[in-house]
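Engineer: First the structure, which I've put down as structure tokens, then a few questions once you've had a look.
What follows draws every value from the coordinates through simple rules; no lab data is involved. Just so it is clear, the structure is predicted and the values come from calculations on it, not from any experiment. Note: ideal-geometry Cβ built from the backbone for every residue, glycine included; neighbour counts use all protein chains shown.
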Amino acid sequence: MNTSYIEIRNLSKKYTVKDNSVEALKGVSLTIPKNEIFGVIGLSGAGKSTLVRCINLLEKPDDGEVIIDGQNLLELSKQELRLKRQKIGMIFQHFNLLEQQTVLENVCFPLEIRRVPKAERKKKALEFLEKVGLADKANAYPSQLSGGQKQRVAIARVLTNEPEVLLCDEATSALDPETTKNILNLLKHIHDTMGITIVIITHEMRVIKEICTQVAVLDNGVVQECGSVKDVFENPQSKSAKRLLLIGETEEANYVG
Amino acid sequence: MQNLGLDVFFKGTNFLRLLDGLWVAVRISLISVAISIILGIAVGVLMTSKSRIIKVVSKIYLEIVRIMPQMVLLFIVYFGSTRVFRWNISAEISAIIVFSFWGVAEMGDLVRGALISIPKIQYESSEALGMAASQTYLYIILPQTVRRLIPLSINLITRMIKTTSLVMMIGIVEVLKVAQQIIEANRRVSPNATFGVFAVVFLLYFLICWPISRLASYLEKRWA
Ligand SMILES: Nc1ncnc2c1ncn2[C@@H]1O[C@H](COP(=O)(O)OP(=O)(O)OP(=O)(O)O)[C@@H](O)[C@H]1O
Ligand SMILES: [Mg+2]
């Protein structure tokens, strides 16, 4: 069943700072099927973050539509959007944990907001910490954790909302290659066991290769190419895709050598 | 004892008078501090507004407070305004007005600084978790702002308490004023009184400001 799950239609976004304006997105359309691990790759400034932030409306697009599971997000009321967002998890490059609270408290946080009873909150949080392999760090503070561990906490936190979509904006960009691999494996495991549609935003080829099934190449606010990872990587059509491939290969050579 | 000039304290009600004066100073400080904190928070939130008018007005306000010595403000309010508007405000009220005028500006600036130092991503990640704006402020932004604010505002409070001695200039019977009266009255009998009295005044200020600054550094360490 390859029904479309996230439907992005003709999305445009322009930033104006003083007299300068940048068209970050110029009519982007994408169809992301349910249960897919979908990658969006592009060089810095391509508009990737803007795109992903338009998906959960952290950024309001100037034009276009975002339809998730049949619901047009732009037509929702504030309250409806808030509830919808709980089902659209997002993780960031910088993990944004609350530094003054323990790992467990951080993970409990969304549940607290949703007024889940205390005992249940703790049980659930521990369950998700277990899932990301950090049950033994429940009482540690974020400052005592490594970058990879912090990202795991952020993942456990977002999972407590039981999201149907997970948006990852450069979630591994602050991590070394080994840790990146571990986090990607964790995301794949979550995808396989919980049936969550995952959108991965990255500028790194190897991230796409590692876990994505489909990929869109974004350049200069335009989708240059879109298809299965195999097709795009073995037989790139667009200039941007070819260039990214070249960069990816050099990086890989450097990493191995 | 004679040499240090401390004997003047044991004459009549001198020591009590000194304590009384201290209480007036503390009362002025406490009331101005309370006003400064409450209004300062509101002003600080206002100052983060993008409105041009608010930006300009608050900039001018801050500059006035920074450039004008408090003493000048005190004279303007106490002598100037009473003459111009023909009202009658006590020295204590004028002092409270001036110190609050100053405190609100400084506090507002601290609040504004703390608010804009919270990275945008903190708002966004909480929004992305499906929290309402009010929840974001209450659970994410407020605790972090307060944590940054406490050491800074305690520093402001200690400065305000110290500056209250300025009030003496417009004749409030306040610590330094009382001290000076005691010194004057005893010039003949106890020529060293200047030293003794000021030493005691210093001690009294120290006793008030020291616990506050200890508390400040403790909180700073704990929440840094
Ligand atoms: N808040 C903003 N205000 C003004 N311009 C912005 C803003 N956010 C993004 N831009 C501009 O929009 C363009 C796309 O930015 P975006 O952050 O989406 O790129 P990106 O692909 O995520 O890049 P990176 O890999 O560096 O994160 C850039 O030219 C950027 O300067
Ligand atoms: Mg980005």
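Engineer: Non-local amide H neighbours of A:Asp219 (under 5 Å, H modeled in plane, Pro and chain starts lacking H): which ones?
Structural biologist: A:Gln224
Engineer: Along the three principal axes, how long is the protein assembly as shown when you take its alpha carbons, biggest first, rounded to the nearest angstrom?
Structural biologist: Reported extents, whole Å, longest axis first: 104, 52, 48.
Engineer: Additional query: Can you tell me the Rg and Dmax of chain B, counting just the alpha carbons, in angstroms?
Structural biologist: Cα only, chain B: 21.8, 77 Å (Rg, Dmax).
Engineer: Continuing with the same structure: Enumerate the calculated ³J(HN,Hα) couplings along the stretch A:149-156 in order (Karplus 6.51 cos²θ - 1.76 cosθ + 1.60, θ = phi - 60°), each rounded to whole Hz, writing x wherever the residue is Gly or Pro.
Structural biologist: Result, ordered by residue: 5, 4, 5, 5, 4, 4, 5, 4 Hz.
Engineer: Once the other residues with Cβ under 15 Å from the Cβ of B:Asp109 are scored (Lys, Arg +1; Asp, Glu -1), what is the net sum?
Structural biologist: Numbers: positive: B:Lys55, B:Lys59, B:Arg66, B:Arg112, B:Arg148, B:Arg159; negative: B:Glu63, B:Glu106.
Taking every other residue near B:Asp109 into account, the sum is +4.
Engineer: Kindly flag which residue pairs out of A:Lys87/A:Lys118; A:Lys78/A:Lys118; B:Lys11/B:Lys162; A:Lys60/B:Lys55 have an alpha-carbon separation exceeding 23 Å in this structure. Could you put the intermediate results ahead of the total?
Structural biologist: On the way: A:Lys87/A:Lys118 21 Å; A:Lys78/A:Lys118 27 Å; B:Lys11/B:Lys162 27 Å; A:Lys60/B:Lys55 26 Å.
Flagged as over cut-off: A:Lys78/A:Lys118; B:Lys11/B:Lys162; A:Lys60/B:Lys55.
Engineer: Right, something else. Amide H to amide H, which residues 5 or more places from A:Val40 or on other chains are under 5 Å from it, using H placed in the peptide plane?
Structural biologist: Under 5 Å from the amide H of A:Val40 lie the amide H atoms of A:Ile200, A:Ile201, A:Thr202, A:Ala216, each far enough along the sequence or on another chain.
Engineer: Residue by residue, what Karplus-based ³J(HN,Hα) values in Hz, rounded to whole numbers, does the stretch B:56-64 have, using 6.51, -1.76 and 1.60 with θ = phi - 60° and x for Gly and Pro?
Structural biologist: Calculated HN-Hα couplings, in order: 5, 4, 6, 5, 4, 3, 4, 5, 4 Hz.
Engineer: May I ask you to sort A:Asp136, B:Asp109 by Cβ crowding, counting other Cβ atoms within 10 Å and putting the fewest first?
Structural biologist: Values: A:Asp136 10, B:Asp109 21.
Going from least to most buried by this count: A:Asp136, B:Asp109.
Engineer: Here is a further query. So if a site counts as exposed when it's one of the trypsin sites (Lys or Arg not before Pro), its DSSP state isn't H, G, I, E or B, and it has at most 12 other Cβ atoms within 10 Å, what's the longest stretch of chain A without one?
Structural biologist: Details: sites that count: A:Lys18, A:Arg115.
Result, exposed sites excluded: A:116-257.
Engineer: Tell me, what HN-Hα J-couplings in whole Hz come from the Karplus equation 6.51 cos²θ - 1.76 cosθ + 1.60 at θ = phi - 60° for each residue of the stretch B:201-208, using x for Gly and Pro?
Structural biologist: 4, 4, 4, 5, 4, 4, 4, 7
Engineer: Counting pairs of alpha carbon atoms under 8 Å apart in space and at least six apart in sequence, what relative contact order in percent does chain A give?
Structural biologist: Values: 462 pairs, mean separation 63.9, N = 257.
For chain A, the relative contact order is 25 percent.
Engineer: Then there is this: So for chain B, averaging the separation of alpha carbon pairs under 8 Å that are six or more residues apart and normalising by length, what relative contact order in percent results?
Structural biologist: Numbers: 229 pairs, mean separation 77.2, N = 224.
Here the relative contact order equals 34 percent.
Engineer: Could you state the principal axis extents of the C-alpha atoms in the stretch B:24-146, from the largest down, to the nearest angstrom?
Structural biologist: 59, 32, 21 Å, listed from the longest principal axis down.
Engineer: Still on this structure: Within the set of other residues whose C-beta is less than 13 Å from the C-beta of A:Ser143, count the net charge using Lys and Arg as +1 and Asp and Glu as -1.
Structural biologist: On the way: positive: A:Lys137, A:Lys150; negative: A:Glu99.
With Lys, Arg at +1 and Asp, Glu at -1, the net is +1.
Engineer: Next question. Using a Gaussian network model of chain A whose springs link C-alpha atoms within less than 10 Å, name the residue from A:Ser77, A:Ser240, A:Ser143 with the highest mean-square fluctuation.
Structural biologist: Maximum fluctuation in the GNM of chain A, among the listed residues, is at A:Ser77.
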